[in-house]
Amino acid sequence: MNKPATLHIDVDFYDETHRHLLSAYPNADLIRACVKHGVDIPIEEFYTHYLFHRKPAGNDGHVTYESLARETYKAKAWLDDQLSLDGTIALAPERAELPKDITERTGEAVGLSVVNRILRLTEADWERIPQGKQKTFDYGHNIASDGVHIVQVETKGTCVVDPGAKSPTVSTAKGSIEEKKSDIDSIQATGQYPYPASVRIGTITAIPKSPGAKVRCWLLDPEPDPVNSPPGKLRLVSRMGFLRRWLSFISPQSPVAIALSNRVAALIAINDPASLSRVRLLDGTGRTIEPRTVNSRGQERLSFFASKSVVVDGPTGGVVAQATEDKFVFVGVMEELVEQALEQDFDTIVRYRKESGVVRKEVECVFSNSRFARLDLPAELERRVERSRQYAAFRLRGDLYYSQTGLVFGVLGLPSESS
């Protein structure tokens, strides 16, 4: 795997008041190190937060393979066109202003990535808090936890001439975070606030308009609320929820996905989740689901990926969908995640962290005949299709991004472009 490209982020306390407040955090040493040296974020982590947290995968009838592919491709192409991602983050030289949506999503991706380093979390620990009538922070939903604290984050983004100065838009973002905290306090006083947290952090990402400047993440401490929920349990539920969402997206009717959904519900309901650690998942007949392997064109594959798209020379499987006439998107997971789901070793699940990177790979794209019939393929690709009674397959190449959570995604081009 190629050495991962990184984006350097300068980090600073918003002011002396927030420096004092954040210095009282149990992880104050990590915060000070981030402020002193800045942080280097693998570009795979940035893309994962940017592309998948706004609308996560799920078997809820609203996210299909095709819609996720279109949204992922469109968001990445739009992002790469508007921003310079060369060692840091800045407005692309030919752009005068940054669209609001990209500004907001970049603020989210940077803010979450910085907090990951402060609290030793990963992309798998975050879930967007449902946005309803009540004011809430952006991320957490009572399950983003470092094992000790229940964490919530409010993220803001703005595009400025000088990221090191508190421009009016940075000050406005700070006021917005504090106003939201004040609104939450008022709701909390009535006993009606459903999302308490033991740690709340505010981040403001200042994106430079000049490529010569470095993006800066300002840190704020909106005071948290005392809570009695067990953070260790919530972190486990968060990681298990991550596995459930992605495995259910890849194969919603599989015994693994169904059993995993039931296990997550059980973990939420019981007081002692540790009692289920290493209790393997069962299928509908009460039998243990084994990680069987099948032979796919001379390679051993987990049976979970038997009818799915797979990386030809790597232990990764998932789904491919057409995003445009000449672009396809692969979204999948490493086989390790399926094995973790089956084995249910909670320590392994909570501690899992993979080296991230980007590598050019060939993917065997597998479609059911019904999905294949909806594709719009050029003649040169049609000639490469291999057909069976139930499936059609062809191979495409592209750069795949391997996240530290085991999530893998990338854009695949037509043979003439990618050979």
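The values are calculated or read from the model by the stated rules, or taken from the named source; none is laboratory data. A quick note: this is a predicted structure, and the numbers were derived from the prediction, not measured. Please note: Cβ atoms are built from the backbone with ideal geometry, for glycine as well, and neighbour counts cover all protein chains shown.
Tyr391 meets each of the listed conditions (1) touching a Ser or Thr at 6+ places or on another chain (Cβ under 9 Å); (2) over 30 Å from Arg278 (Cβ atoms); (3) crowded, with 19+ Cβ neighbours inside 10 Å apart from (3).
Close Cβ contacts (under 6 Å, 6 or more residues apart or on different chains) running from residues in the stretch 197-219 that are closer than 30 Å to Arg235 by Cβ to residues that are among the polar types (S, T, N, Q) and part of a loop (DSSP other than H, G, I, E, B) comprise Val215/Thr88. Exactly one residue out of Val294, Val279 is within 22 Å of Ser248 (Cβ to Cβ), assigned to a loop (DSSP other than H, G, I, E, B) and β-branched (Val, Ile, Thr), and it is Val279. Pro273 meets each of the listed conditions (1) under 24 Å from the mean Cα position of the chain (by Cα); (2) buried (at least 16 other Cβ atoms within 10 Å of the Cβ) apart from (1). For first residues located in the stretch 342-358 and farther than 13 Å from Ala124 by Cβ and in contact (Cβ under 8 Å) with a residue 40 or more places away in the chain, partners that are part of a helix (DSSP H, G or I) and hydrophobic (A, V, I, L, M, F, W, C) and lie 6+ apart or on another chain with Cβ distances below 8 Å form the pairs Leu342/Val256; Gln344/Leu276; Phe346/Leu236; Phe346/Ala274; Phe346/Leu276; Val358/Ile43. Taking Ala265 as meeting all but one of (1) surrounded by 14 or more Cβ atoms within 10 Å (Cβ to Cβ); (2) out of contact with any His (no Cβ under 9 Å at 6 or more places or on another chain); (3) outside any loop (DSSP other than H, G, I, E, B); (4) not charged (D, E, K, R), write down the number of the exception. Of (1) surrounded by 14 or more Cβ atoms within 10 Å (Cβ to Cβ); (2) out of contact with any His (no Cβ under 9 Å at 6 or more places or on another chain); (3) outside any loop (DSSP other than H, G, I, E, B); (4) not charged (D, E, K, R), only one is false for Ala265: (1).
Of all residue pairs spaced 6 or more apart or on separate chains, those with beta-carbon atoms under 8 Å, a first member in the stretch 12-40 that is surrounded by 15 or more Cβ atoms within 10 Å (Cβ to Cβ) and of a type in the set (Asp, Glu) and a second member that is assigned to a helix (DSSP H, G or I) and modelled with pLDDT of 95 or more are Asp12/Val35.
Consider Val310 carefully, then state whether it is within 21 Å of Val385 (Cα to Cα) and modelled with pLDDT of 90 or more. Yes; evaluated as a whole, the condition is true for this residue. Picking from Asp146, Asp101, which residue would you name as being of a type in the set (Asp, Glu), modelled with pLDDT under 95, within 20 Å of the chain's Cα centre (by Cα) and closer than 23 Å to Val215 by Cβ? Just a single option satisfies the conditions, and that option is Asp101. Please verify whether the stretch 354-361 includes one or more residues that are more than 18 Å from the chain's Cα centre (by Cα), part of a helix (DSSP H, G or I) and under 15 Å from Pro315 (Cβ atoms). The answer is no, given that none of the residues of the stretch 354-361 is more than 18 Å from the chain's Cα centre (by Cα), part of a helix (DSSP H, G or I) and under 15 Å from Pro315 (Cβ atoms). Selection of the stretch 152-173 for residues being of a type in the set (D, E, K, R) and within 19 Å of Ile102 (Cα to Cα) yields Glu154, Lys156, Asp162. Would you mind stating whether Glu290 is among the acidic types (Asp, Glu) and surrounded by fewer than 14 Cβ atoms within 10 Å (Cβ to Cβ)? In short, yes. Counting the residues of the stretch 160-175 that are surrounded by 14 or more Cβ atoms within 10 Å (Cβ to Cβ), closer than 17 Å to Thr17 by Cα and within 28 Å of the chain's Cα centre (by Cα) gives 3. One residue stands out among those in the stretch 149-179 that are of a type outside the set (Ser, Thr, Tyr) and part of a loop (DSSP other than H, G, I, E, B): the one that is modelled with the lowest pLDDT, which is His149.
Which one is farthest from Gln322 (Cα to Cα) among residues in the stretch 381-406 that are assigned to a strand (DSSP E or B) and aliphatic (A, V, I, L, M)? Before the answer, list the steps.
Looking only at the stretch 381-406, we keep the residues that are assigned to a strand (DSSP E or B), and these are 386-387, 391-402.
Within this subset, residues satisfying the condition of being aliphatic (A, V, I, L, M) are 392-393, 396, 400.
Working: Ala392: 14, Ala393: 13, Leu396: 12, Leu400: 16 Å.
Selected residue: Leu400.
Going by the conditions given, is Arg244 surrounded by 18 or more Cβ atoms within 10 Å (Cβ to Cβ), touching a strand residue (DSSP E or B) at 6+ places or on another chain (Cβ under 6 Å), basic (Lys, Arg) and in a helix (DSSP H, G or I)? Show your work before the answer.
Details: surrounded by 18 or more Cβ atoms within 10 Å (Cβ to Cβ): yes; touching a strand residue (DSSP E or B) at 6+ places or on another chain (Cβ under 6 Å): no; basic (Lys, Arg): yes; in a helix (DSSP H, G or I): yes.
When the stated conditions are applied, Arg244 does not pass them.
Applying the set (1) of a type in the set (Val, Ile, Thr); (2) farther than 22 Å from Asp40 by Cα; (3) modelled with pLDDT of 95 or more to Ile207 leaves exactly one unmet item: (2). Just so you know, in the stretch 104-126 the residues that are modelled with pLDDT under 95 and β-branched (Val, Ile, Thr) include one that is farthest from the chain's Cα centre (by Cα), and it is Ile118.
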